[in-house]
Structure formats: structure tokens, C-alpha cells
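Asker: Below is the structure I would like to discuss, written out as C-alpha cells.
Every number here is computed from the coordinates shown, using simple stated rules; none is lab data. Note that the structure is a prediction, hence the values are computed from the model and not measured. Here the Cβ positions follow ideal geometry from the backbone for every residue, glycine too, while neighbour counts run over all protein chains shown.
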Amino acid sequence: MKVAVFGVGYVGSVTAACLAAGGHEVCGVDVDPLKVDMINAGHSPVVEPGLDDLVASTVAAGTLRATTDCAEALDGADVSLVCVGTPSTATGSTELAHLCNAVHDIAAALRVCRPPASGFHSVVIRSTVPPGTVENVVQPVFAAGGDVQVGTAMCPEFLREGTGLADFYAPPFVVVGTADDRVAAAVGELLAFVGEPVRAVDVRCAEALKYACNAYHAVKVSFANEMGRMFRPFGVDGRAMMELFCSDTTLNVSKAYLRPAFAFGGSCLPKDLRALLYLARMNSADMPLLQGTLASNELVVRDVVDRVAAESGRVVALLGLSFKSATDDVRESPNVELAERLLGKGYELRIYDSIVNPVDLVGANRRHLESKLPHLERLLTDTPLTALRGADLAIVSSTAESVRDALVAEPPRRVIDLSGRLGDRIEALPGYQGTGW
């Protein structure tokens, strides 16, 4: 394929050289003539292990060149990859000026240069941009049409400085966000030599993915450092502890818990977090990440209460009371906390839980429930249908089949899904919404 890469900084240089080495005809475009001259002389404009040799070999083979002229780069090109910088502004927002300039330059050049043989050109954003950028900023530039049909997409990169070439050839995934099958096919053809299947997703999902990945990497660094800082006064080698921590690939280093849903609760997580924060205070160690975790958990509960308050109805069915399905443990259950707050706001609450029976609860489990919901027996219903009948809104954490059947048979105006595991039947209901989706 014939490819124009806009921006030959770190991402653009690695992308251009690797694509050229993969057999494509690549032209880098940059406003800085020094970068352009360096590439044409067979040198990388950025320091990256192995990149200088790759640029030299691809330039010598005639598959890579660079220019400051957009029309020259786009002459007959099938794909534009936009790899310009999107730095932070003084307020922390994303600066899109370079991206806007590149996109408008592409649109202008496509009107005057020779079109691709297919008559179709793909504009693919590789720069990190907020969700909605492709849809609201990039796509409208090409809406007027012209001799060349243009499709747009987001294809985030996952290149780490220092291992950029290895990361390009062995990415964690290849994702393209687009509503145009032709663009998805073009990206698949462009990156076929990498050997990783292309995952086609909604464009906003692709835009959000890069932010989520980088945020999680930052959280991991901070978590490891907080653990080391926490336990150092106790004579604990944080390196040895975290080495053992990472050996658990079932829960710790895995997809477990990494699913948007409701707040955490139960007999372990809240109390152990509080215990760690107490130990930190006693040793004058700040733990902002752990402190923020409790605050973030509280915001999840508050958000659901606020969403209920935004509805006009006053009758609420709460389907599920324990802190997670298949257990009767209500200790520090966020569902119990939710029920207590809604009752305090004057809502008529009907509760169904197929497992929780106040008569059978003992010990701390019973005491916690009595302290939060002393009149629970008056609120409980025998079936989910009874709870739903006449309800304006249902808040659902239970995934029992009887609950799903009842929601279909007696759908309220609004369903708030706290688990994300209710399935297509429930998600298709007119009033359905999730906690984080």
C-alpha cells in the first residue's frame, strides 16, 4: 500500500520505518525540514534502539522517504496515518491544534493530488485523542466530499520509548475504531505483516482505550511504590513481596475485577484498606492512591443514588442485597448502603434477594444488617415479580435467571444494572442503563 505518515516524531518515525520494512511505500510528512532531511539521509530523527538502522535500510531500499509537501506525500496514497503530537495544555486538556492542522492539510491536498487507484482514502488517527475527536473534529473536515471518498478511523498505538520496534511488531492488540468497513479492511491489510488480528470496535472505544491503558500503567507504578513505602518501616522488602504478588495470575495480575460495575464491599476489602491506611498514618506515610480508592468507591454508590433521584418515580425495586451474587454476606455490602440511603430519602423500597433471609443470618452478618436496615423483613418480597409490580425503577445486582425473567415480564420504566452481566434480553429493555456504560 502507499502510505503517508503525518508527524515523524517518536510514534511517526517508528510507524513509518516499520511499515516501510513491511513492504509498503511510505512517505513521512513533517513541518520541520530538519526531521525530513534526516530521514531522507537515512537517519532517525529520534533516538530509539534499532530505529536508525531500520530507517537507513528502508530509505536505501526506496520504501521510505520524507517531505514537507502534503500533496507530494498523498499522491496516489491509500492511507494517511496521523501521528502528530497532542500535548497537554496549561489546564491539562488535550491540545488538538497539530491534529487539526494535519487533517485540514490532508483534506486540501486530496483535492489536488492524484487519487488512489481505488478512489478511496483512509484517514487513520494514531495520536492519542479524547473520545469524540474523530467523530466531531476529524470526520466533519471530509464531509463535503470530493473526487476521493474518505473514511476515518482511530488506531491507537502502544509503543514504549526504548522498546518501540519490538512493541510495533508484537503489540498487545491491534484495534481500529471506525464505522466504515472499508477503513477497517485497509488497516487490516496495512498491518497484516504484524500477524495480529485487527479488532474492530466503536471509534470512541478505540479513542478511550489508550487513555485507559496509560492510566492503569500509572496506577500500577503508584501502587507498587505505595506498597513499598507502606511496609518498609516494618522491615518488609517490597521487591520480594511484589514479586510474590505478581505470581498470582488468577486474581492479582489478571482481568479479575477489571470490569465496570458497582462498588466493592464485603468483609475483606473495605476493612483491610482501612487497616492499611491506619498503619500508614501511624508511620507518617502518605497513601493517596489507597485513600483515593475508598473515596472512589463511595462515589460509585453516590452516583447511583443521584441517578435514582433524577427519575420522577418514588417506588424502587432493589433486586439483590448481598455484596455479590451467590452469597448471603451483607457485611459492608454497597447494596445495603444503597438501600439505607434511598430509605433515608423517602423512597418506597422493595427488596428481593433469593439467598438473604434475616432469620438465617447470624453473628456479625446479622448485626450489620440490623444496624443498617432494622425493618428489613417489612421490605423483603418473596419473588422478584412482587418487587417489580408497580415499581418505577429497578436496581439490579442479582444475576439469577428468575430475576431476569421477572424484568422481562414486568419491566419498569428504568433498569439500572449494577453487575453488567444481565445479558442481551435485559440490555434490550427500553429503560436499561448500566452503572459505567
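Asker: What is the gain in length, in nm to one decimal, between ARG281 and HIS375 on full extension, counting 0.36 nm per residue of separation less the C-alpha to C-alpha distance? Before the final figure, lay out each step's value.
Answerer: Working: separation 94, 0.36 × 94 = 33.84 nm, distance 3.76 nm.
Contour length minus the Cα-Cα distance gives 30.1 nm.
Asker: With charges only on Cβ, +1 for K and R and -1 for D and E, what is the dipole size of the chain about its Cα centre, in debye, rounded to 20? Display every interim value, and only then the final one.
Answerer: On the way: 38 positive and 52 negative charges, 269 e Å.
The dipole magnitude comes to about 1300 debye.
Asker: Next question. So what is the relative contact order of segment 322-406, in percent, for Cα pairs below 8 Å that sit 6 or more residues apart?
Answerer: Relative contact order for segment 322-406 comes out at 32 percent.
Asker: Turning to a different aspect of this structure: Could you list which residues have their amide H under 5 Å from that of GLY420, counting only those 5 or more apart in sequence or on another chain, with H placed in the peptide plane?
Answerer: For GLY420, no residues qualify.
Asker: Would you please state the base-10 log of I(q)/I(0) at q = 0.21 1/Å for segment 99-223, with intensities from the Debye formula using one equal scatterer on every alpha carbon?
Answerer: -1.26
Asker: Sticking with this structure for a sec: In the Gaussian network model of the chain, springs joining C-alpha atoms below 10 Å, which of GLY177, GLY23, GLY363 carries the largest mean-square fluctuation?
Answerer: GLY363
Asker: Further, regarding this structure: What span do the alpha-carbon atoms of the chain cover on each of the three principal axes, reported in whole Å from largest to smallest?
Answerer: If we take the Cα atoms of the chain, the spans are 81, 58, 39 Å.
Asker: Here is a follow-up. Using +1 at the C-beta of Lys and Arg and -1 at the C-beta of Asp and Glu, which of THR386, LEU373, VAL396 has the Cα lying farthest in the positive direction of the dipole of segment 340-397?
Answerer: LEU373
Asker: Separate question: What distance in nm lies between label points placed 7 Å from Cα along the C-beta direction at ARG199 and ALA326?
Answerer: The modelled label-to-label distance comes out at 2.5 nm.
Asker: Another question, if that's okay. Could you check the spin-label model distance between ALA144 and ASP53? Points 7 Å from the Cα along Cα→Cβ, value in nm.
Answerer: The modelled label-to-label distance comes out at 4.8 nm.
Asker: Can you check what the net charge comes to around LEU429, using other residues whose Cβ is under 12 Å from the Cβ of LEU429 (Lys, Arg +1; Asp, Glu -1)? Display every interim value, and only then the final one.
Answerer: On the way: positive: ARG404, ARG413, ARG414, ARG425; negative: GLU410, ASP417, ASP424, GLU427.
Computed value for this residue: 0.
Asker: Only Cα pairs under 8 Å and at least 6 apart count here; give the relative contact order of the chain as a rounded whole percent. Intermediate values should be presented prior to the final figure.
Answerer: Values: 752 pairs, mean separation 40.3, N = 437.
Once divided by the residue count of the chain, the mean separation gives 9 percent.
Asker: I've got another one for you. Taking H placed 1.01 Å from N in the peptide plane, check which residues at least 5 places from LEU318 or on another chain put their amide H under 5 Å from its amide H.
Answerer: ARG350, ILE351, TYR352, ILE395
Asker: How high is the FRET efficiency between TYR211 and THR250 when r is their beta carbon distance and R₀ equals 35 Å, given to the nearest 0.05? Each step should come with its number before you reach the end.
Answerer: Working: r = 27 Å, r/R0 = 0.77.
The value I calculate is 0.80.
Asker: Please give the calculated 222 nm ellipticity per residue for the chain, where each DSSP H segment of at least 4 residues contributes -39500 (n - 2.57) and the sum is spread over every residue; nearest 500 deg cm²/dmol? Please report the intermediate quantities before stating the final value.
Answerer: Working: 17 runs with 184 residues, N = 437.
Roughly -12500 deg cm²/dmol at 222 nm, from the helical runs in the chain.
Asker: How big is the dipole moment of segment 1-115 about its Cα centre under a simple scheme where the beta carbon of each Lys and Arg is +1, that of each Asp and Glu is -1, and everything else is neutral? Debye, nearest 20, please. Present the calculation step by step, with values, prior to reporting the outcome.
Answerer: Details: 5 positive and 13 negative charges, 49 e Å.
My answer is approximately 240 debye.
Asker: Can you give me the P(r) profile for segment 1-145? Cα pairs, bins 5 angstrom wide beginning at 0, each as a whole percent.
Answerer: In order of increasing distance, the bins hold 2, 11, 21, 22, 19, 14, 8, 3, 0, 0 percent.
Asker: For segment 1-98, build the charge dipole from Cβ charges (+1 Lys, Arg; -1 Asp, Glu) around the Cα centre, then report which of GLY22, VAL36, VAL47 sits farthest towards its positive end.
Answerer: The one lying farthest along the dipole's positive direction is GLY22.
Asker: Another one. Please say if segment 306-437 is rounded, prolate or oblate, where rounded means a/c under 1.5 for a ≥ b ≥ c the square roots of the C-alpha gyration tensor eigenvalues, and otherwise the choice is prolate for a/b larger than b/c and oblate otherwise?
Answerer: Values: a/c = 1.71, a/b = 1.42, b/c = 1.20.
Verdict is prolate for segment 306-437.
Asker: Now for a separate question. Report Rg (one decimal) and Dmax (nearest whole number) for segment 243-359, counting Cα atoms only, units Å.
Answerer: In order Rg, Dmax, the Cα atoms of segment 243-359 give 16.9, 52 Å.
Asker: Further, regarding this structure: Add +1 for every Lys or Arg and -1 for every Asp or Glu among the other residues with Cβ under 15 Å from the Cβ of PRO233, and state the total. Kindly include the intermediate steps, with their values, before the conclusion.
Answerer: Working: positive: ARG229, ARG232, ARG281; negative: GLU226, ASP237, ASP286.
Charge balance in the 15 Å sphere: 0.
Asker: At what distance in nm do the modelled label points of ALA295 and SER88 sit from each other, each positioned 7 Å from its Cα along Cα→Cβ?
Answerer: The answer from the label model is 1.7 nm.
Asker: List the residues, sorted by chain then number, that are 5 or more residues from GLY434 or on another chain and whose placed amide H is less than 5 Å from its amide H.
Answerer: So GLY434 has HN proximity to ASP417.
Asker: Still on this model: Taking the Cα atoms of segment 197-272, what is the range of coordinates along each of the three principal axes, in descending order and whole Å?
Answerer: 49, 28, 20 Å, listed from the longest principal axis down.
Asker: What is the magnitude of the charge dipole of segment 284-335 about its Cα centre, with +1 placed on the Cβ of each Lys and Arg, -1 on the Cβ of each Asp and Glu, and no other charges, expressed in debye to the nearest 20?
Answerer: Values: 5 positive and 8 negative charges, 34 e Å.
Dipole magnitude for segment 284-335 comes out near 160 debye.
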